[in-house]
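*Asks:* So that we are looking at the same thing, I have put the structure below in structure tokens.
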Amino acid sequence: MKAGRRCAGARSSRMGTGWRFALEKPAKTGYYWFIFACSLMSTFDHCELPGTWDRVFKYPREIPLEPETRLPRGGKYETGACTAMNEIEQKYRELVETTDTGFVILKGDGTVVDANSQYVRLTGHESLADIMNRSVIEWTAPYDRERNALAVKVCLEQGRIRDLEIDYAGPGGAVTTVEINATVYGKGGELRILSLCRDISGRKLMERSLHESERWNRSLIAAMPDLMFVLSRDGVFLDFKAEKSEELLFPPSEILGKNIRDMAFMPDQRALVLEKIESALKTKAVTEFEYFLSMAEDSEIWSARMIAMDDDKVLVLVRDITERARAEEKLRNANRQLSDIIEFLPDATFIIDAEKKIIAWNRAIEVMTGVEKKDILGMDHHYSAVPFYGRPRSYIMDLLDNDDPALVARYDYVRRNGNVIYAEVFVPSLYGNRGAYIFIAASRLFDGEGAIIGSIESIRDITERKRAEEALRASEERYRALYRDNPTMYFTLDTEGTVVSVNDFGASQLGYSIEELVGRPVLQVFYEPDKSEVVRKLGICLENPGETFRWQFRKIRKNGSILWVDEVARAVHSPDGVISVLVVCSDVTEQKIAEEEKQRLQDELRQAQKMDSIGRLTGGIAHDFNNLLTAIMGNSSLALLDLSPNDPLHATLTEIHKASVSAASLTKQLLAFSRKQIIEPQMLDINRALGEMQRMLKRIIGEDITLTTNLRDDIGIVRIDPGQFEQIIINLVVNSRDAMQDGGALTIETAHADLDDAYCASHAEVAPGPYLKLTVRDSGCGMSAETLEHLFEPFYTTKGRGKGTGLGLATVYGSVKQNKGSIEIESEPGKGTTVTIFLPAAAGAAAAGAVHRAAMGPATGTETVMLVEDEPVVRDFTIKVLRRFGYTVLHYPDAESALEAAKRTETKIDLLVTDVVLPGMNGRVLARRIANIRPGIKVLFSSGYTDDVILRHGIFEEGLHFIGKPYAPEAFARKIREVLDEKA
């Protein structure tokens, strides 16, 4: 048979009508025929075509023309033939336009004659008109233009070009890499180049990634700690690489030069390794395998990667994978399962041609119907209905061409939208008679003149969706009943926080009607300080649909009262894709109040326990420690009085004295915090006291800080130890100064305040009534919430090491509490700090002032003093002081001996100085008994301990004289003189 006849035979067995004409039509009308032929060549490259068709696709200029298809004498086809050709050309032009391969026809100089829309997109242009009659070199990337021009020339010379990769640069600069396969057709000066261009940008990106990965892998191998060996073809160890020699199973000397056949630890693996060596040398590819090592205790699994280095030796990388093997196997199984799942995701789809024969049948429909593609392609589409219905019958797509009222009535569930019809139906015969709900959509396929050339139908299994919809409808019914009748607050919000719905109970709990809440921002019912956090929480909820969130906030009823609510919220998608937030609220006001009260009591208990523990500690050591400090500080003072400032010992004794004073101050601060400080409360006008302290305070804060005082008149007086009040002010001022390193403003204010029952209920140890309000405000750096939590803890400080003891505010806290007051601190980082202190107001006249001390005369005297002190070092020191200042001293170590001496001696005793805490009889009892023996004797008590019989909570009783340890010689002498000079 002639070549032309072979071509016609191939056409009749595999192709539709018109192929023969397509290859013979003039150039203008034959472009898309030839394009489609080449696309088939590209798409069906695994099909076995007859020899003639292979020539058609590869060498179109050699296609023999059959006589019956040549042009008539007049050079025109008959009218019927032309119409058929136009229809066929239009049909295949549409098919070409839908492919993802770019087609372009060029003149010999590279100018575009025609192209499909995909090619236009590859060039980065909008329409075919943008590239018509322009050279392809114009949109070739500058660095590829010379090569592309050469490719056009080579294609014309050789008749074809294959797998040419060129970068196109669009008008916007975007680069697209295309793979070009081109063929020359035509004769003489009418030569044309047909190019098939495929976008391979993604592949090139993958290749570059692969190259980078390979480079990385090479670097990784160079640095990896795996064992590496070089083996010869016959299994001799030529070289090795190991990070440490101990990683090798044997010393290097026992490996190099040895043959693997002689290795006793792998008797069963020798043949395998030698076989893999041969394979690697032969294929020059990486050979991977696993082998076992039989060790003394156990067997190990090792992996090996082997590659030929040359014709006679291989490089081997080995790694112990005993622990990894099972994990890898599990991972492989998981990947296989995932691949299987993805394969069956697409909808079931089939296509029929104009003759109503099946021409496409995808994998999804194979699964759905059980009919394989090879058994259905080419069959009448009614035959394919058997798997669906059990017999040949109409399809949904048949309604596209049939408006018979009876047929339409039969399929009343079918809907039409233009040229598309769709329906939802249950088909019992699907999935082996298991049945399924399916969604079907069908559409006609048209040629360029509007003639129907086929239909496409897509089928989606919606069984689960239908069941879910039914379940949802039932759930919605239950939900609506629950929503209306449940005594719980329900809200539905949109993404803007607007109330979409609320149940009756939720609205009534807030004092509103449903109409007053729906359509309004939900923030209107939240407590103002909580609103910003509410917005943040709702935002997080909306960002995580499906997750449940829980929080507690305060809401405001219509009448202004506050209620606490516990809310559970979840963002959900409605069937139409709209996101809303469902909120379930419970009134937990009473529970919250109880919790807050419980927390407050627990905090107060912890604080009281903490203070009590510190008080016990400090009070317990104060007696002995202050006795020691009395001796150290006093004797150093006496020694300094006797030494010249130029004496070498003077500086040493000065440092000892300073250290003892600091130790005494530290003990005093600890006692103040624990409320065991020995104080002598007086009626004090704090405005006057602050006025007298201003000069001193300005020296403390320095010139770069402005001090302002706002002292209200007629605020009353307080009963407080003046020294203790001075200590409170100084500690607060020092803290403010340290918070304003670059200067700032410090304000001290006083005012009157009445504290009610509500305030006192949340502040332990504070009773309702009139108070003096003292405020110290600075513009310093402020404090964080974490710092505020620990602010009153002893030894807690934010200052650098050596810059603070952490006792300043702890001392202030203890002093305020010891005087039945309250202290509050407000602060934020960068916004300064405000300290507010409330001290109980007292009735009566004010004292002379906080820091004013009456002038005193000389501290010397000639009277007789009876000293009772059980601590020898303190007794010796006190004796020295008294004698130094002119007094006669009778001294005793305990109360019993002193009492006995008072009975026996005839010497007049002017003053009894006794320690409060004595072995046996305490100082208070001793003073009472001696007073009975010697009426008119004056008494001075001394002690370094607060929990004793003459003190009540550290407050000295009126009418008694007391001096606390440690004391300086001058202070002690002045106190002696003061007591002796006091009128009875």
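*Asks:* In the list 495, 463, which residue meets the criterion of being over 30 Å from residue 90 (Cα atoms), of a type in the set (Ser, Thr, Tyr) and surrounded by 14 or more Cβ atoms within 10 Å (Cβ to Cβ)?
*Replies:* Values: 495 fails: surrounded by 14 or more Cβ atoms within 10 Å (Cβ to Cβ).
Answer to the check: 463.
*Asks:* Let me ask you something else. Determine the pairs where a residue that is over 20 Å from residue 971 (Cβ atoms), located within region 634-651, has a partner that is part of a loop (DSSP other than H, G, I, E, B) and open to solvent by 90 Å² or more (accessible area, probe 1.4 Å) with Cβ atoms under 9 Å apart, the partner being 6 or more residues away or on another chain.
*Replies:* Every condition considered, the pairs that remain are 651/645.
*Asks:* Now, a different point. Go over the candidates 193, 161, 200 one by one and state the one that is in the same structural domain as residue 115 (by the TED database), out of contact with any Phe, Trp or Tyr (no Cβ under 6 Å at 6 or more places or on another chain) and within 18 Å of residue 113 (Cα to Cα). So that I can check it myself, show each step before the final result.
*Replies:* Numbers: 161 fails: within 18 Å of residue 113 (Cα to Cα); 200 fails: within 18 Å of residue 113 (Cα to Cα).
The conditions single out 193.
*Asks:* Mind listing whichever residues of region 123-147 are open to solvent by 10 Å² or more (accessible area, probe 1.4 Å), under 17 Å from residue 166 (Cα atoms) and part of a helix (DSSP H, G or I)?
*Replies:* Passing the criteria: 137, 138, 142, 143, 144, 145, 146, 147.
*Asks:* Right, next: Criterion first (among the hydroxyl-bearing types (Ser, Thr, Tyr) and either at pLDDT 85 or above or in the same structural domain as residue 635 (by the TED database) (or both)) does residue 667 satisfy it?
*Replies:* no
*Asks:* Still on this structure, I have one more. Taking region 198-257 as the search range and keeping residues that are β-branched (Val, Ile, Thr) and not in a strand (DSSP E or B), which one is modelled with the highest pLDDT?
*Replies:* 200
*Asks:* Just checking, how many residues over region 769-796 are at pLDDT 85 or above, aromatic (Phe, Trp, Tyr) and open to solvent by 70 Å² or more (accessible area, probe 1.4 Å)?
*Replies:* Residues flagged as at pLDDT 85 or above, aromatic (Phe, Trp, Tyr) and open to solvent by 70 Å² or more (accessible area, probe 1.4 Å) within region 769-796 amount to 0.
*Asks:* Looking only at region 545-582, filter to residues that are among the basic types (Lys, Arg) and under 27 Å from the mean Cα position of the chain (by Cα); which one of those is most open to solvent (accessible area, probe 1.4 Å)?
*Replies:* Top of the filtered list is 550.
*Asks:* Could you run through region 868-898 and say how many residues are of a type outside the set (S, T, N, Q) and open to solvent by less than 20 Å² (accessible area, probe 1.4 Å)?
*Replies:* The total comes to 11.
*Asks:* Please return the ranges of helices (runs of 4 or more DSSP H) entirely within region 462-544 where 2 or more residues are under 30 Å from the mean Cα position of the chain (by Cα) and closer than 21 Å to residue 575 by Cβ.
*Replies:* Numbers: elements: 463-485, 504-509, 514-517, 531-543.
Passing ranges, in order: 531-543.
*Asks:* Further question on the same structure: Considering only region 740-767, state which residues are in a helix (DSSP H, G or I) and not charged (D, E, K, R).
*Replies:* The answer is 758, 759, 760, 761.
*Asks:* Does residue 457 fit the bill of being open to solvent by less than 30 Å² (accessible area, probe 1.4 Å) and among the acidic types (Asp, Glu)?
*Replies:* Numbers: open to solvent by less than 30 Å² (accessible area, probe 1.4 Å): yes; among the acidic types (Asp, Glu): yes.
Yes: the conditions hold for residue 457.
*Asks:* Let me ask something else about it. Based on what the data block shows, is residue 936 in contact with a helix residue (DSSP H, G or I) (Cβ under 7 Å, 6 or more places away or on another chain) and open to solvent by 50 Å² or more (accessible area, probe 1.4 Å)?
*Replies:* For residue 936, the condition - in contact with a helix residue (DSSP H, G or I) (Cβ under 7 Å, 6 or more places away or on another chain) and open to solvent by 50 Å² or more (accessible area, probe 1.4 Å) - is not met.
*Asks:* Residue under question is residue 164, and the condition is that it be within 17 Å of residue 200 (Cβ to Cβ), out of contact with any helix residue (DSSP H, G or I) (no Cβ under 8 Å at 6 or more places or on another chain), open to solvent by less than 30 Å² (accessible area, probe 1.4 Å) and in contact (Cβ under 8 Å) with a residue 12 or more places away in the chain; does it hold?
*Replies:* The answer is no for residue 164.
*Asks:* In addition: Can you name the number of the only condition in (1) more than 21 Å from residue 488 (Cβ to Cβ); (2) in contact (Cβ under 8 Å) with a residue 12 or more places away in the chain that residue 556 fails?
*Replies:* It fails just one condition, (1).
*Asks:* If residue 392 passes every condition in (1) at pLDDT below 65; (2) in a helix (DSSP H, G or I) but one, which one does it miss?
*Replies:* The one condition residue 392 does not meet is (2).
*Asks:* OK, next. Looking only at region 336-348, decide whether some residue is touching a strand residue (DSSP E or B) at 6+ places or on another chain (Cβ under 9 Å) and either loosely packed, with under 13 Cβ neighbours inside 10 Å or at pLDDT below 65 (or both).
*Replies:* no
The values are calculated or read from the model by the stated rules, or taken from the named source; none is laboratory data. This structure is a prediction, so every number in the text was calculated from the model and none was measured. Cβ atoms come from the backbone with ideal geometry, glycine included; neighbour counts cover every protein chain shown. The accessibility values were calculated without ligands, DNA or RNA, using every heavy atom of the protein model including side chains. Shrake-Rupley method; radii C 1.70, N 1.55, O 1.52, S 1.80 Å.
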